[in-house]
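**Q** Below is one structure. I have some questions about it.
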């Protein structure tokens, strides 16, 4: 007998081996129709399998439907194959390569003699719908590697044959067939193409074969797939709104920054954009100052031997910009941590000095591939609000709890209140004793409990040297941005021989806490722009107030208003052009200025201003002093 344990704790017994589909059918016809796959096992050992998978021993089993996150991944994976099937039907001479699931969708790379056009995508999507309606069964078979290589060579699929040839010779490979199309894949897949109903092709982009710029440029077709029509429509609506909020588009329209071909992946900040940068940096500097951090500054270039000691030269060199001088090799720093340890090592440190907190707005450079660059969100040169805390094991808990509280305040001030907390625990390959990992993980978990945070645990996703907490923001569109982190690291102080004198008079290694709140300032400003759709709150806005005169008769009074506001420390401009007032109001409204002050003869005579707030709000006429009090209050409260 085969005993199957279900998620609700109940068991079902079968006289012999049984498929996932048969188990689902035994539970109910509705579940059998909804079944997309099965999850066998529990915890980290669980695996997702096809509904045709044959269970030949006692096992826990969960039936996966489209309501399960794993079910959505199966749908997307299967839709990628449906895309390749449709392309081969329409363009038989195309060669297929790979088609993985990605966030919110999938892609498939093709080799073809001409570029695919938007019109092609419409035709391909229609063919996908046609094939899905056939509800063809998806079947799996296994071949020895060499036989699979010859099979795909016979089909003229050189790329697929090359992929399979890179698999160890003693391994079998699995293929999935639907109708006339068969593809290499580990699976699992939906039981039949009729399960694929709610999808859309999004765009075509270039992609090098195997990610190597020396190889052929392939064509990558992106798509999205969802469990329901409503979810698909919500996603497409979100994309439309995201396009309006795109920081690259708004960066041009609001004259904030640009990226130039002469410096790919590095930002040219314009005066208005640099004003935003300065507000973020100065705010974070005040956070450092008020919470016990000492600001430091390390050099950009560090010699090869240091990077060898930290392990970066061996494992990360291809992502580092290097140079040579007087027969010595150097690298632009990709991170600030080693520099902070070198500062810590200057002079003897005592246990009385700990915890010692360093903060730096450290500029880093990483040699990101061109295809991965994205506006100011993904760049090669960036500045981090980087901080490192040197402490003892006993101090980790308090430092992490204080950091979480501080991070919550910062995010709230920037307009983010929805935070996801994740603790990444010990991986299989790690250094250190189990006891030290126990203490570090306990400190991180307890620090979040103290802060009243609900969190998830990412088992095995910690660094090889220690666990970490990741803090992820949810923005106005529900998108997630992982920005903040705190990591426990006993390894780098060991590698670079950092130590302090303990209470016992002996030499001890400090624990190093790597922590960042906003992370890359460039990326965070991009997130802010998209979060607020360019309409940054008054305390962050590059121009906080514009003063507009109605006629030349109020020009001098307008200048006086500007001077008064500037003395208050506000970022103010005037528009004294001989243009109609409605034209000037409309123009500056499009620049998303928080406040427009209109002055005519009555305002001039009474020392007042007519206030228009962003969003076409008419706040009426008020004494200039009252407006100054209002904007000062808005800025202080981070409204």
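**Q** Going through the stretch 159-170 one residue at a time, which ones are surrounded by 13 or more Cβ atoms within 10 Å (Cβ to Cβ) and touching a helix residue (DSSP H, G or I) at 6+ places or on another chain (Cβ under 8 Å)?
**A** 159, 160, 161, 164, 165, 167
**Q** If you don't mind, another one. Could you grab me the full set of residues in the stretch 101-121 that are surrounded by 11 or more Cβ atoms within 10 Å (Cβ to Cβ) and within 30 Å of the chain's Cα centre (by Cα)?
**A** If the condition is that a residue be surrounded by 11 or more Cβ atoms within 10 Å (Cβ to Cβ) and within 30 Å of the chain's Cα centre (by Cα), then 101, 102, 104, 105, 106, 107, 108, 109, 110, 111, 116, 121 are the ones that fit.
**Q** Another question about this same structure. Going by the conditions given, is residue 87 outside any helix (DSSP H, G or I), surrounded by 18 or more Cβ atoms within 10 Å (Cβ to Cβ), touching a strand residue (DSSP E or B) at 6+ places or on another chain (Cβ under 9 Å) and modelled with pLDDT of 95 or more?
**A** It is false that residue 87 is outside any helix (DSSP H, G or I), surrounded by 18 or more Cβ atoms within 10 Å (Cβ to Cβ), touching a strand residue (DSSP E or B) at 6+ places or on another chain (Cβ under 9 Å) and modelled with pLDDT of 95 or more.
**Q** I've got another one for you. Do you know which residues across the stretch 127-144 are closer than 13 Å to residue 195 by Cβ, free of Cβ contacts under 8 Å to residues at least 60 places away in the same chain and in a strand (DSSP E or B)?
**A** 137
**Q** Could I ask something else about it? Residues that are closer than 18 Å to residue 380 by Cβ and touching a residue at least 12 places away in the same chain (Cβ under 8 Å): does the stretch 276-286 have at least one?
**A** yes
**Q** Kindly check whether there is at least one residue in the stretch 219-240 that is within 30 Å of residue 384 (Cα to Cα), at pLDDT below 95 and in contact with a helix residue (DSSP H, G or I) (Cβ under 8 Å, 6 or more places away or on another chain).
**A** No, that holds for no residue.
**Q** Taking the stretch 578-627, which residues are over 44 Å from the mean Cα position of the chain (by Cα) and assigned to a loop (DSSP other than H, G, I, E, B)?
**A** Once the filter is applied, which keeps residues that are over 44 Å from the mean Cα position of the chain (by Cα) and assigned to a loop (DSSP other than H, G, I, E, B), the stretch 578-627 yields 578, 579, 580, 600, 607.
Quick grid of which residues meet (1) buried (at least 18 other Cβ atoms within 10 Å of the Cβ); (2) under 27 Å from the mean Cα position of the chain (by Cα); (3) closer than 30 Å to residue 217 by Cβ:
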{"residue": "44", "(1), (2), (3)": "no, yes, no"}
{"residue": "59", "(1), (2), (3)": "no, no, no"}
{"residue": "64", "(1), (2), (3)": "yes, no, no"}
{"residue": "72", "(1), (2), (3)": "yes, yes, no"}
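**Q** Any residue in the stretch 175-186 that's touching a residue at least 40 places away in the same chain (Cβ under 8 Å): show its pairings with residues that are surrounded by 16 or more Cβ atoms within 10 Å (Cβ to Cβ) and in a loop (DSSP other than H, G, I, E, B) at Cβ separation under 6 Å, as long as the two are six or more apart or on different chains.
**A** Taking only residues 6 or more apart or on different chains, the pairs are 176/185; 176/189; 178/136; 179/136.
**Q** I've got another one for you. Just for the stretch 385-396: of the residues that are crowded, with 19+ Cβ neighbours inside 10 Å and modelled with pLDDT under 95, which one is farthest from residue 435 (Cα to Cα)?
**A** My answer is 385.
**Q** Now for a separate question. Any chance you could count how many residues in the stretch 321-339 are more than 11 Å from residue 304 (Cα to Cα) and in contact (Cβ under 8 Å) with a residue 12 or more places away in the chain?
**A** Qualifying residue count, the stretch 321-339: 7.
**Q** Among the strands (runs of 3 or more DSSP E) contained in the stretch 197-306, which hold 2 or more residues that are closer than 25 Å to residue 410 by Cβ?
**A** Output list reads 267-269, 293-295.
**Q** Just checking, does the stretch 426-437 include any residue being under 26 Å from residue 231 (Cα atoms) and touching a helix residue (DSSP H, G or I) at 6+ places or on another chain (Cβ under 7 Å)? Step through it out loud before you land on a result.
**A** Within the stretch 426-437, the first condition is being under 26 Å from residue 231 (Cα atoms), and the residues that meet it are none.
No - not one qualifying residue is present in the stretch 426-437.
**Q** Does residue 307 meet the test of being touching a strand residue (DSSP E or B) at 6+ places or on another chain (Cβ under 8 Å) and surrounded by 18 or more Cβ atoms within 10 Å (Cβ to Cβ)? Spell out the reasoning first.
**A** Values: touching a strand residue (DSSP E or B) at 6+ places or on another chain (Cβ under 8 Å): yes; surrounded by 18 or more Cβ atoms within 10 Å (Cβ to Cβ): yes.
Yes: the conditions hold for residue 307.
**Q** Additional query: For the stretch 145-176, what are the residues that are farther than 19 Å from residue 100 by Cβ and in a strand (DSSP E or B)?
**A** Correct list: 172 only.
**Q** Just give me the residues in the stretch 185-199 being crowded, with 18+ Cβ neighbours inside 10 Å and closer than 23 Å to residue 121 by Cα, in sequence order. Steps first, please.
**A** Filtering the stretch 185-199 down to residues crowded, with 18+ Cβ neighbours inside 10 Å leaves 185, 187-191, 193, 195-199.
Result: 193, 195, 196, 197, 198, 199.
**Q** Which number in (1) part of a loop (DSSP other than H, G, I, E, B); (2) touching a residue at least 12 places away in the same chain (Cβ under 8 Å); (3) under 39 Å from the mean Cα position of the chain (by Cα) marks the one condition that residue 569 misses?
**A** Of the numbered conditions (1) part of a loop (DSSP other than H, G, I, E, B); (2) touching a residue at least 12 places away in the same chain (Cβ under 8 Å); (3) under 39 Å from the mean Cα position of the chain (by Cα), the odd one out for residue 569 is (2).
The values are calculated or read from the model by the stated rules, or taken from the named source; none is laboratory data. These figures come from a predicted structure and were not determined experimentally. Please note: Cβ atoms are built from the backbone with ideal geometry, for glycine as well, and neighbour counts cover all protein chains shown.
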